[in-house]
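The values are calculated or read from the model by the stated rules, or taken from the named source; none is laboratory data. Predicted model, so just to flag it, every value in this text is computed and none were measured. Methodologically, a virtual Cβ is constructed for each residue, glycine included, from the backbone with ideal geometry; neighbour enumeration extends over all protein chains shown. Remember, those area values only see protein heavy atoms, side chains included, never the ligands or the DNA or RNA. Shrake-Rupley method; radii C 1.70, N 1.55, O 1.52, S 1.80 Å.
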Amino acid sequence: DGEIALRSIRLRDAKVVERELMENRRWLRKWEATNPYGPLTAWDMRGSIRSLLAQARQGTGLPFVMEHRGEIAGQLNVSGVVYGSVSSATLGYWVSERFAGYGITPTSVALATDYVFFTMGLHRMEICIRPENLPSLRVVEKLGFRYEGLRRKYIHINGSWADHFCFALVREEVPGGVLARWHDGRVPADACVIPESDREAARHPLDTPAP
């Protein structure tokens, strides 16, 4: 879509992706999924990419890089792909700070969701976001992902279990595609409304009861 592209990750991307991650540690760390059973002993980017490509071969994931004018700007992974009666997937991403504000993330999320719906034939795409992650909340708001609820201590982030707001779309909601609906200004204004009760609950983690 214009200057923004989504493509499959390759082993030869390892050095560039690792450099972007290292240069953006301060920017990304607070949103980064971590291992609850202890830190990894080493950072093996090629090994990580091999694992992602193995998931792609097995049909359980789709690992992408996001590009701006041909330059790698971040990663987007479709994971947890399930076929059959569930027919769904989940989506996560990161983008380098120097590429923030170019519309790369919403465009890439739209492209990936359209691919999953109309090429793979899946039915549902889910995105879960930390309540504090305002840039990512703006992404789902722009694209009209429908709010589905608060998930308590859902993903281990930056060293601890963290609450997440859950958003989703099903194929019937976007018959012409997510990207086209966004570009055409047809995103429902109220799709992404988060009830104040959930916002208030998210301000009080389970291990910190409200007064």
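Details
- Screening HIS164 with (1) out of contact with any strand residue (DSSP E or B) (no Cβ under 7 Å at 6 or more places or on another chain); (2) over 23 Å from GLU67 (Cβ atoms); (3) surrounded by 14 or more Cβ atoms within 10 Å (Cβ to Cβ) gives one miss only, at (1).
- LEU143, sole failed condition from (1) within 30 Å of VAL17 (Cβ to Cβ); (2) in contact with a Pro (Cβ under 8 Å, 6 or more places away or on another chain); (3) open to solvent by 50 Å² or more (accessible area, probe 1.4 Å): (3)
- Out of MET66, MET45, sole residue that is in contact (Cβ under 8 Å) with a residue 60 or more places away in the chain, touching a helix residue (DSSP H, G or I) at 6+ places or on another chain (Cβ under 7 Å) and either over 29 Å from GLY144 (Cβ atoms) or open to solvent by less than 70 Å² (accessible area, probe 1.4 Å) (or both): MET66
- Options TYR93, TYR83; residue that is aromatic (Phe, Trp, Tyr) and in contact with a helix residue (DSSP H, G or I) (Cβ under 8 Å, 6 or more places away or on another chain): TYR93
- The listed residue being exposed (fewer than 13 other Cβ atoms within 10 Å of the Cβ) and touching a His at 6+ places or on another chain (Cβ under 9 Å), out of GLU172, GLU196, GLU200: GLU172
- Qualifying position, being farther than 22 Å from LYS30 by Cα and not aliphatic (A, V, I, L, M), among GLY103, GLY176: GLY176
- The lone exception for LEU137 - which of (1) modelled with pLDDT under 95; (2) surrounded by 14 or more Cβ atoms within 10 Å (Cβ to Cβ) it fails: (1)
- Identity of the residue in the range 154-194, small (Gly, Ala, Ser) and not in a loop (DSSP other than H, G, I, E, B), that ends up farthest from ASP114 (Cα to Cα): SER160
- Residue count for the range 93-105 satisfying the condition of being closer than 14 Å to ILE127 by Cβ and in a helix (DSSP H, G or I): 1.
- Whenever a residue of the range 24-35 is farther than 13 Å from PRO135 by Cβ, its partners that are polar (S, T, N, Q) and in a loop (DSSP other than H, G, I, E, B), lying with C-beta atoms within less than 9 angstrom and at least six residues away or across chains, give the pairs ASN24/SER96; ARG29/ASN158; GLU32/ASN158; ALA33/ASN158; THR34/ASN158.
- Restricting attention to the range 114-130, the residues that are of a type in the set (A, V, I, L, M, F, W, C) and farther than 26 Å from VAL193 by Cα total 2.
- Among residues of the range 176-193, those that are open to solvent by 60 Å² or more (accessible area, probe 1.4 Å) and closer than 17 Å to GLU126 by Cα, counted: 1
- Count of the range 106-134 residues, restricted to those that are open to solvent by 70 Å² or more (accessible area, probe 1.4 Å), assigned to a helix (DSSP H, G or I) and among the hydroxyl-bearing types (Ser, Thr, Tyr), is 1.
- Qualifying residues in the range 69-94 (those that are open to solvent by 20 Å² or more (accessible area, probe 1.4 Å) and β-branched (Val, Ile, Thr)) - the one farthest from TYR115 (Cα to Cα): VAL86
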